[in-house]
Amino acid sequence: MAKANDSQENETKKKPNRVLPIILGVILVAGIFFGIKEYIYYGKHVDTDDAQIDGDISPVVARVGGYVDSIYFQENTHVNKGQLLVKIDDRDYQVKLEQAMAAKTGAAQGVNVGESQIYENAANTSGAKAKVESAKAQLDKVSKDYARYANLVQDGSITRQQFDQAKADLETAQANYNAAQDQYKAAIEQEGATKNQLNVTNTGVTQRQADVDYAKLQLSYTNILAPASGMVSKKNVQIGQLVQAGQTLFNIVNDSSIYITANFKETQLDNIHAGQKVEIQVDAYPDLKLNGTVYNFSPATGAKFSLLPPDNATGNFVKVVQRLPVKIKITADEATMHKLSPGMSVNVSVIVKE
């Protein structure tokens, strides 16, 4: 019996163990398959997980100061472009508009008075011109009479008294003509001065109209409208609050401005160019697969836009691979886009070879 047992043990020891080689072989084949797969994948794709969703965020700023009268929205709700969101008490601005309109009315009445004066002065100018023409005609007649009387007095046909009378009439006619000319010139100058005054008055009306337009504009600013369609966030205004011009009241994340900023290493940019297709995976929605396209590249690395950009002037230089922001447009329907919020982390893969 002992010999039989020893024989079985020897046979068991001599029998080779085939499980371990099989396991090692499977691992080796799987490793080779995985390596080939990764080599093929990274030969056609450039990946990064240093990416996030971005979007245009419009700050809504009060353009005039005043007390908040009404608020027509709730935080984190959707609003449409042009929708009334906040109403500022506008009574002060209504009064200023009425004052501007009253000043404009007064200036317009001054224009009417000036136009009436122009018409009156024009009539005076016409009358003065008619007097000049009448005086000239009278002067021509008296001049001719004087010339005839001068010839007649020499041959004794008329008396010296008659000649002197003709001479006196000529001097009178000449004086009347000169006076008429002076009156005509004065009337023209008066008419010109009135027109210049009217131009000044018209300028005043234009200024008053500008004041009215400005008052209307200030009044319109008491109605704070949504500059774009999107979600309202960071509400910083309450009813009854005194706000100042330039104060930010809340922000709106625009609907149509969602995109991705991917920070690729500078060593990855050689094969990336605008228009290439991109596969996108959002960390918040693991089952959501999105597509996009490379849109453009930042003109400088992220480090250069930092608060304290690196400066190697000291000579203590350590080379660090820099990252360049790349803008990626997302291709998705409206419902999907509404799920995405700026700041969400994503993984992107640029297809560099089809």
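The figures follow:
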| read-out | value |
| --- | --- |
| Set Pro309, Pro342: member being in contact with a Gly (Cβ under 9 Å, 6 or more places away or on another chain) and either assigned to a loop (DSSP other than H, G, I, E, B) or modelled with pLDDT of 95 or more (or both) | Pro342 |
| Filtered residue count, segment 144-160, keeping only those that are part of a helix (DSSP H, G or I) and either in contact with a helix residue (DSSP H, G or I) (Cβ under 6 Å, 6 or more places away or on another chain) or modelled with pLDDT under 75 (or both) | 11 |
| Given (1) touching a strand residue (DSSP E or B) at 6+ places or on another chain (Cβ under 9 Å); (2) surrounded by fewer than 13 Cβ atoms within 10 Å (Cβ to Cβ); (3) within 15 Å of Glu266 (Cα to Cα), number of the condition Lys304 does not satisfy | (1) |
| Every pair of residues 6+ apart whose Cβ atoms lie under 9 Å, when the first sits in segment 42-55 and is in a loop (DSSP other than H, G, I, E, B) while the second is surrounded by 16 or more Cβ atoms within 10 Å (Cβ to Cβ) | Gly55/Gly230; Gly55/Val253; Gly55/Asn254; Gly55/Asp255; Gly55/Ile258; Gly55/Tyr259; Gly55/Leu340; Gly55/Pro342 |
| Selection count where residues are of a type in the set (A, V, I, L, M, F, W, C) and modelled with pLDDT under 90, scope segment 317-333 | 5 |
| Residue count, segment 213-245 (criterion: within 17 Å of the chain's Cα centre (by Cα) and either of a type in the set (A, V, I, L, M) or at positive phi (or both)) | 5 |
| Among the residues listed as Thr314, Thr336, the single one being part of a helix (DSSP H, G or I), on the phi < 0 side of the Ramachandran plot, modelled with pLDDT under 90 and among the β-branched types (Val, Ile, Thr) | Thr336 |
| Residue match in segment 77-96 (condition: touching a helix residue (DSSP H, G or I) at 6+ places or on another chain (Cβ under 8 Å) and either polar (S, T, N, Q) or in a loop (DSSP other than H, G, I, E, B) (or both)) | yes |
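Okay, residues lined up against (1) surrounded by 14 or more Cβ atoms within 10 Å (Cβ to Cβ); (2) closer than 30 Å to Arg323 by Cα; (3) under 27 Å from the mean Cα position of the chain (by Cα); (4) modelled with pLDDT under 75:
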{"position": "Phe34", "(1), (2), (3), (4)": "no, yes, no, yes"}
{"position": "Asn76", "(1), (2), (3), (4)": "no, no, yes, no"}
{"position": "Gly82", "(1), (2), (3), (4)": "no, no, yes, no"}
{"position": "Lys87", "(1), (2), (3), (4)": "yes, no, yes, no"}
{"position": "Arg91", "(1), (2), (3), (4)": "no, no, no, no"}
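The values are calculated or read from the model by the stated rules, or taken from the named source; none is laboratory data. What you see is a predicted model, and the numbers here were worked out from it, not measured in a lab. Backbone-built Cβ (ideal geometry, glycine too); neighbour counts: all protein chains shown.
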